Amino acid sequence: MTEPYAVRFSAPAAKTLDALPEHIEDTVWDVLDAAAADPWGFRQFNADDPEGQDVRHASVGQLSLTYWVNRSLRRLSVINITWLG
């Protein structure tokens, strides 16, 4: 079995994560666990961009995460977290 991808946060995403209520932060980590196991399991951020296949958008309810899949380092870089709550 292949190891899941490591997760890193951009500075703005880390700041947003710190400000979220605990139950939403737990949901962020649940979504990232799923994304780390299957980075391409969520939809492409911009389906019209043929070179942007590694930028993905994961949404669950009012929570959305945008991340970039760094294949060579086996890392997910969280670019943005949006919570409409």
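All of the numbers you see were taken from the coordinates with simple rules; none came from a lab. A quick note: this is a predicted structure, and the numbers were derived from the prediction, not measured. Every residue, glycine as well, gets a Cβ built from its backbone with ideal geometry; the counts of neighbours run over all protein chains shown.
Could you say whether any residue in segment 47-67 is touching a Phe, Trp or Tyr at 6+ places or on another chain (Cβ under 7 Å), β-branched (Val, Ile, Thr) and crowded, with 17+ Cβ neighbours inside 10 Å? Yes, the conditions are met somewhere in segment 47-67. Of everything in segment 72-85 that is more than 17 Å from Ser10 (Cα to Cα) and touching a residue at least 12 places away in the same chain (Cβ under 8 Å), the residue that is surrounded by the fewest Cβ atoms within 10 Å (Cβ to Cβ) is Leu84. Of the residues making up segment 15-60, those that are under 14 Å from the mean Cα position of the chain (by Cα) and within 13 Å of Asn80 (Cα to Cα) are Thr16, Leu17, Val28, Leu32, Phe45, Val55, Arg56, His57, Ala58, Ser59.
Within segment 1-15, the set of residues being surrounded by 17 or more Cβ atoms within 10 Å (Cβ to Cβ) and part of a helix (DSSP H, G or I) comprises Ala13 only.
Quickly run through segment 25-46 and pick out the residues that are under 12 Å from Ala6 (Cα atoms), of a type outside the set (A, V, I, L, M) and buried (at least 17 other Cβ atoms within 10 Å of the Cβ). Selection gives Pro39 alone.
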